[in-house]
1. Within the bounds of the stretch 136-144, is there any residue that is in contact with a Lys or Arg (Cβ under 7 Å, 6 or more places away or on another chain) and under 28 Å from V16 (Cα atoms)?
2. Give me the pairs: first residue in the stretch 133-150 and under 16 Å from S113 (Cβ atoms), second residue loosely packed, with under 15 Cβ neighbours inside 10 Å and aliphatic (A, V, I, L, M), beta-carbon distance under 7 Å, and six or more apart or on different chains, which are they?
3. Of all helices (runs of 4 or more DSSP H) completely enclosed by the stretch 1-120, which ones contain at least 2 residues that are more than 30 Å from G135 (Cα to Cα), touching a Gly at 6+ places or on another chain (Cβ under 8 Å) and modelled with pLDDT of 95 or more?
4. Could you figure out which of (1) crowded, with 19+ Cβ neighbours inside 10 Å; (2) farther than 30 Å from T42 by Cα isn't true of T139?
5. Output the residues belonging to the stretch 89-113 that are in contact with a helix residue (DSSP H, G or I) (Cβ under 6 Å, 6 or more places away or on another chain), within 13 Å of F180 (Cα to Cα) and of a type outside the set (A, V, I, L, M, F, W, C).
6. Consider the stretch 18-38. How many of its residues are free of Cβ contacts under 8 Å to residues at least 12 places away in the same chain and either farther than 21 Å from I102 by Cα or surrounded by 14 or more Cβ atoms within 10 Å (Cβ to Cβ) (or both)?
7. Would you pick out the residues in the stretch 100-127 that are surrounded by fewer than 22 Cβ atoms within 10 Å (Cβ to Cβ) and aromatic (F, W, Y)?
Amino acid sequence: MKKLFTQGRLAVLIIVLVLVIDQIIKIAVKTSMFYHESIRITDWFYIYFTENNGMAFGMELFGKLFLSSFRIIAVGAIIYYLYKLLKQGNVKTGFIVCLSLILAGAAGNIIDSVFYGMIFSESTPFQLAQFVPWGEGYTSILHGKVVDMFYFPIIDTYWPEWLPGIGGDRFIFFSPIFNFADAAISCGIIAMLIFYSGYLNQHISKKDEKAE
């Protein structure tokens, strides 16, 4: 019971912290930067304000309503899974941390998709976004755009002229622009795969055995 309470509090703390930090950054960027405005931090790190309709790192694969609905369903499934794990009381704390990061990151982007279109005016290269009365924003509920801002062009150069087909073209290593929520999701997934892949497989195997 003590471990359950401790892990539960830790999960809640991680989720709340990620959500608060993510939303503070997004609101600050959206209300103080013009669309596609860039602030140079170093040669390989920029704050670059953009928005996307798709999934993590700006990918756009399906319609906006589908993506928003999918995110909500996915978060609901993760919440249920996390609750069941905490209730069992025999789960490694690191695994709970990874799952909490993934959950918090997904929830952070859901907030943008669900609410931002209802409470913000449009961001443009010439006008800053502002808070507006509920329902007077740039789009309808579930159709809001996700705010991204972290850009790490670690290598920004040009292909040698002698290369066929791509000679002289610009080459940027790691061009995705992402947000704090995306980073939380990525860190949670990567840590889970590195440190808990065997544990996860074992957990799934036990679940399948019980089902049989």
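The values are calculated or read from the model by the stated rules, or taken from the named source; none is laboratory data. Just so you know, these numbers come straight off a predicted model, no measurement behind them. Note that we place each Cβ from the backbone using ideal geometry, even for glycine, and neighbour counts take in every protein chain shown.
1. Yes, that holds for at least one residue.
2. Here the result reads L142/L65; H143/L65, each pair linking the stretch 133-150 to a residue that is loosely packed, with under 15 Cβ neighbours inside 10 Å and aliphatic (A, V, I, L, M).
3. 93-111
4. Looking at each condition in turn, T139 falls short on (1).
5. Hits for the stretch 89-113 are G105, G108, N109.
6. Within the stretch 18-38, residues that are free of Cβ contacts under 8 Å to residues at least 12 places away in the same chain and either farther than 21 Å from I102 by Cα or surrounded by 14 or more Cβ atoms within 10 Å (Cβ to Cβ) (or both) number 2.
7. Scanning the stretch 100-127 gives F115, F126.
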